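Just so it is clear, none of the values below were taken in a lab; they were calculated from the coordinates. Note that this is a predicted model, so its numbers are computed, not measured. Using ideal geometry, Cβ is built from the backbone for each residue, glycine included, and neighbour counts are taken over all protein chains shown.
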Amino acid sequence: MNFKNSEIQAKLKSIEFRGPDNYEMKTFNKVKLAHLRLSILDLDSRSNQPFSYKNLSISYNGEIYNFNDLKKELANIGYTFYTESDTEVLLIGYYEWGERVLDKLNGMFAFVIYDSIKDTIFCARDRLGVKPFYYKYLDNKFEICSQIQPLLDSNNKLSEIAISVYLDCGYVPSPFSIFENIFKLEPGSKMIIDLTKKAILIDKYWDIKKTETLKISYNDAKNKLHELLVDATRIRMQSDVPLGTFLSGGIDSALVTSIAASISERKVSSYTIGFNEKRFDESSTSTAFAKALKTKHKVKHLVTNDLLDLIPKLIEVYDEPFADSSALPSLLLCKNTKEDVTVALSGDGGDESFMGYRNFDYLSNKIQVNKLPKWCRAAMARLPLDYIFRYNKARLKSLFKSSTDGFTENIFISFKTLQKKDLKTKWFSHYENYKLKSNNPYQKMADLNIKLWLENDSNVKVDRASMAYSMEVRSPFLDYRVIEFARSLPVGYRYYKGNKKKILKDILSEYLPKHLFDLPKKGFGIPLFNWLQGDLKENVLKELNDEFLLRVPNLNVKLFKHQLNQFYQNKIDHSSNIWKLYILALWFKRYYKQEDL
């Protein structure tokens, strides 16, 4: 790769929070593998990476949760192991099974394996994209990393497509990155680099697929799902360092904590953060959960400045512009949890598979509206219905005028609300096949939720927030077996007449009294409107000046300035778009000189 050892070490210095326990770099022919280790399993130096077995060498980020089962299988074939790590199992598994090892893995991972005989590099990313994978190929140099910072140099150029998608979504989805010459390996994908032929082959090894709905009774489905969740939790509790759980006031984290507490040999530690604003605060509910489950519970109550002070940290560790404001409380939760534990179980992924978001209520409204005659829908679209339905204007228009698929997409993507030209066709093709996986509109929405939002927003948020404080977060709901089983269940088992996550609630009722958890969802948000009108107003107006706005590719500056004026003069809520541009401005400021914009 023609980089000096000192150059590589300097590159990785910018993200050493991802692996503060050990740094090593080794050279194999022209290939250099370097690794930052966060020690979780087998803390001995024998498990440090890069790790080699015969002609193979690996650098790997993540955890293989079923490594003990694979280790037994390989031992029965005749292999001997010298560590207690999943790294050795993964590498020997690849030696024995080749690419087919991917079908056997249950975990979160991004790895590269160099074969010195074939002179090839085999790469893979986990099914749901829990762990990140960036790569760059320029001037016959191939670089791969878990974050984008070490890949940056003077040749990086902003991607107009990526900026446009960010203005729509608030994040940059794979395979794109914010830079033209840096890409993300998509979740569930493998990549083979033939160094002799200088050829690259990328292919999918896993994706959500069209499946028949199971003919299964509700009780049988509940029992099977319960068994899966218990096993998914059990294998995620393997750790040689202290482990706890995130426990909010929601169904998902309560269920994960309940299962963990029921199978743990010691008292489980649980963590949450509380907000001063009651509409965001779930600390009293989580405390009630903890009392019933007998966990060792820790609550950190925050004030506004606790979160505002983390904005520079967000810009630093998220690499690309990332406008999900719940990243701030996520950072703070991880920071406080790390004081006691290095691994935490979470409930991430439950809303997507089991239809827990309000989006599904909106879709239910859409389905009912579609039963009205066209003339009636057209007439209603002209009425001032903002006060009847909880929709923004674009979504309200979509409610009466768009197709069901169009309405679903509008939930996640505000197409061309800030851009001069619509570049949807240049990127959405990577996600448009969600329409082909199911004929049921609720499942279609769940699938788009998983493929677009979960993989590119939720998983990115949790990975960066946790690794920023050298922590690892594991979610049983992201076990691919749970994802696949949930998709095979009748929709009515998950979403029934507005009862979201029905089957999860019924499982949770075996651990907690229903009155404790059957409450309105609050989410993990922050008072963004109040911040932008108050504490952040001066800095927002300073950063969102004409000089910056005119340099943002494809931004409709006139439209955005109109929204900015409306927000501060008439109190019309454009806080989402203003936050997107504010984060983008801070990101530019950190990563670019003014003349490079």
Everything considered on the Cα gyration tensor (a ≥ b ≥ c; rounded for a/c under 1.5, else prolate if a/b is larger than b/c, else oblate), the range 124-213 must be described as oblate
Counting only DSSP loop positions in the range 56-146, the chymotrypsin sites (Phe, Trp or Tyr not before Pro) whose Cβ has at most 13 other Cβ atoms within 10 Å are PHE81, TYR82
Inter-probe distance in nm under a simple model that places probes 7 Å from Cα toward Cβ, at LEU138 and LYS294 = 5.8
Could you list log10 I(q)/I(0) for the range 5-204 at q = 0.18 Å⁻¹, which the Debye formula gives when each Cα is one point scatterer?
-> -1.38
Mind jotting down the distance between the C-alpha centroids of the range 80-149 and the range 423-489, whole Å?
-> 21
Among the aspartates and glutamates, which have Cα under 14 Å from the Cα of LYS298 when same-chain residues fewer than 8 positions away are ignored?
-> GLU282, GLU339, ASP340
Please work out the C-alpha center-to-center distance from the range 153-214 to the range 495-568 and express it in whole Å.
-> 26
Calculated Rg and Dmax of the range 73-124 using C-alpha coordinates, Å = 11.3, 29
Evaluated at 37 °C and 0.692 mPa s, the Stokes-Einstein D of the range 467-558 based on the Kirkwood radius over Cα pairs, in µm²/s, stands at 177
Summed side-chain charge close to ALA221 - residues other than ALA221 whose Cβ falls under 12 Å, Lys, Arg +1, Asp, Glu -1 | +2
Summing +1 per Lys or Arg and -1 per Asp or Glu among the other residues with Cβ less than 10 Å from LEU195's Cβ gives +1
From the cross-link list LYS335/LYS500; LYS461/LYS497; LYS537/LYS571; LYS157/LYS190; LYS141/LYS190, which pairs have alpha carbons spaced over 22 Å apart?
-> LYS335/LYS500; LYS461/LYS497; LYS157/LYS190
Per-selection Rg to Rh, the range 528-596 - Cα, Kirkwood hydrodynamic radius | 0.96
Measuring from a point 7 Å past the Cα of ASP21 along Cα-to-C-beta, which residues in the range 231-248 have an amide N at less than 19 Å?
-> 235-245
Loop trypsin sites (Lys or Arg not before Pro), the range 10-43, which have at most 14 other Cβ atoms in a 10 Å radius of their Cβ (DSSP) | LYS30
Quickly rank 192-201, 299-308, 330-339 as a protection proxy: mean count of other C-beta atoms within 10 Å, highest first.
-> 330-339, 299-308, 192-201
How big is the range 262-358 by Rg and Dmax over its Cα atoms, in Å?
-> 14.9, 42
For the range 188-284, state which GluC sites (Glu not before Pro) are in a DSSP loop and have at most 10 other beta carbons lying within 10 Å of their beta carbon.
-> GLU212, GLU265
4 °C / 1.567 mPa s Stokes-Einstein diffusion coefficient of the chain, Kirkwood radius on C-alpha pairs, µm²/s = 51
